[in-house]
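The values are calculated or read from the model by the stated rules, or taken from the named source; none is laboratory data. Just so you know, these numbers come straight off a predicted model, no measurement behind them. Reconstructed Cβ throughout: ideal geometry from the backbone, glycine too, with neighbour counts over all protein chains shown.
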Amino acid sequence: MNKYLLLVLLLSACESGDRDLVLQPAVAKGDPDVGAYVINSSVGSLKGIYVGMSEFELSSLGYPESRGSVILEGDEYVTVNVTLDEQVALDCILDGDGSVDRFSTDSLLVHDEQGVGVGTALHELKATYPEGRLLVGDEDGRFASFVNGSKVIFSLDKSKIDDLCFDEPTEKCEIDEQEVKVERVVVSKYAG
């Protein structure tokens, strides 16, 4: 989608007072560019990339990629950063056997079949997936996620959540469900 068109739409929505337009996923507006980045949440795939595929299969798709490593929970993993286009990049983490364990993105253009993605507020997640669960804690680092039984995990902005929620997760904590939004969409072969 043209960056300038997106900016004009957002500014128009703010000026007209129609704040719902900004909060609604673009897929609901019938935008053909956004439809190309719909995650298949039951399989865990996007644009030919799927969890469980081999490193060779990933490379054979022909997307531009770069390699690196990351340490998670004390273990080092190989990462493959794949560029689908100038606005969508995926960070793929490989298992020890070289298969894609998970991939994630912070692109506003990627969403699940219901139009949920980066920028979606927690109250919208709960309305879309009433059976979903909010997970907040501090185990090997703070985390805040929303899961719905699919391969998709919605990683939430932790900066908008009170410290009490992380320090004492068993205590009842208050979360502003309009302020807390999805900051990253993660697709994992172990989710669901």
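Taking the conditions (1) loosely packed, with under 15 Cβ neighbours inside 10 Å; (2) more than 17 Å from the chain's Cα centre (by Cα) in turn, ARG133 satisfies each one other than (2).
A count restricted to region 93-107 and to residues that are free of Cβ contacts under 8 Å to residues at least 60 places away in the same chain and farther than 23 Å from GLY149 by Cβ stands at 4.
Among strands (runs of 3 or more DSSP E) entirely within region 67-156, having at least 2 residues that are more than 21 Å from VAL180 (Cβ to Cβ) and among the aliphatic types (A, V, I, L, M) singles out 75-85, 88-94. The residue list GLU179, GLU174 contains one member that is assigned by TED's automatic domain parsing to the domain that holds LEU46, among the acidic types (Asp, Glu), loosely packed, with under 12 Cβ neighbours inside 10 Å and in a loop (DSSP other than H, G, I, E, B), which is GLU174. Restricting attention to region 39-79, the residues being farther than 27 Å from GLY149 by Cβ and hydrophobic (A, V, I, L, M, F, W, C) number 4.
Just one of LEU156, LEU125, LEU135 is modelled with pLDDT under 95 and not polar (S, T, N, Q); which is it? So that I can check it myself, show each step before the final result.
Details: LEU156 fails: modelled with pLDDT under 95; LEU125 fails: modelled with pLDDT under 95.
Only one candidate qualifies: LEU135.
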